[in-house]
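Notes for the one structure printed next.
The values are calculated or read from the model by the stated rules, or taken from the named source; none is laboratory data. Since the model is a prediction, treat every value here as computed from it, not as a measurement. Note that each Cβ is placed from the backbone with ideal geometry, even for glycine, and that neighbours are counted across all protein chains shown. Areas reflect the complete protein model, heavy atoms only, side chains present, ligands, DNA and RNA absent. Shrake-Rupley method; radii C 1.70, N 1.55, O 1.52, S 1.80 Å.
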Amino acid sequence: MLTANDIYNNFVNDFSTKIYNLRNDKVFSDYIFLCVGSDKITGDAFGPLVGGKLESLFKNLYNNIKVIGTLENPVSGNNLNKEVEKIYTMYENPCVIAIDAALSVKNDIGKIIVTNSKMKFGKGTNKKMLEIGDISIKGVVARDHKIPKYNFSELQNTSLNIVIKLANITSEGIYNVIKYR
């Protein structure tokens, strides 16, 4: 079983590697953290929790870092397309870091997965939503049953403790990677 310290160290290593490799390939005008989810479903609150913490950590520090999606102003299936459109209208060459909760196999619960690929939103509940992101950060909060109605139930009954723990690790890790770049 991984400790919180192991999860943090793995995440920081993965995220710093991905963002530095991406920055070597391309020059970005802004870094946009798109934190997707809803506080109405416990397991889906990962993105907005990360967004709120990042907004607080980055407040007044960097002009080229923006956080979209918090508990106060969530981005979910209802407004995701509109927010993405605004990103590409407002920012000339943004690096979009998509953050969302994820479902996976039992052994992955509690892990944070970072990839240099687009995030496919709504996949676990079989919703057809867009794909976006230069980097994707997924907090694995529960088990994927491969059946949308079971996955929706799983997200509703996810441990708030796991979601908050992963959100804290993710936001602190992001902040430290950006701060010491």
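Roughly how many nanometres apart are two label points built 7 Å out from the Cα toward the Cβ at Leu22 and Ile147?
3.6
Once you order the gyration tensor axes a ≥ b ≥ c over the Cα atoms, which shape class does segment 63-181 get: rounded for a/c under 1.5, otherwise prolate or oblate by comparing a/b with b/c?
Oblate, since a/c reaches 1.5 and b/c is not below a/b.
To check you understand DSSP bridge types, tell me what percent of the beta bridges within the chain (both residues inside) are antiparallel, rounded to 5.
Antiparallel bridges: around 25 percent, rounded to the nearest 5.
By how many degrees, between 0 and 90 and to the nearest 10, does the Cα long axis of helix 80-90 differ from the longest principal axis of the chain?
The answer is roughly 10 degrees.
Between Lys53, Lys26, Lys138, which gets the highest mean-square fluctuation from a Gaussian network model of the chain, Cα cutoff 10 Å?
Lys26
Give me the 1.4 Å probe accessible area per residue for segment 9-123, excluding ligands and nucleic acids, in Å².
Solvent-accessible surface per residue comes out at 52 Å².
Ignoring ligands, DNA and RNA, please state the percent of accessible area on segment 26-158 from carbon and sulfur, probe 1.4 Å.
With neighbouring chains kept in place, the figure for segment 26-158 is 46 percent.
Going by alpha carbons, how many degrees (0 to 90, nearest 10) lie between the helix axis of 4-25 and the longest principal axis of the chain?
Rounded to the nearest ten degrees, it is 40.
Counting other Cβ atoms within 10 Å, which GluC sites (Glu not before Pro) in segment 45-142 have at most 16 and lie in a DSSP loop?
Glu72, Glu92
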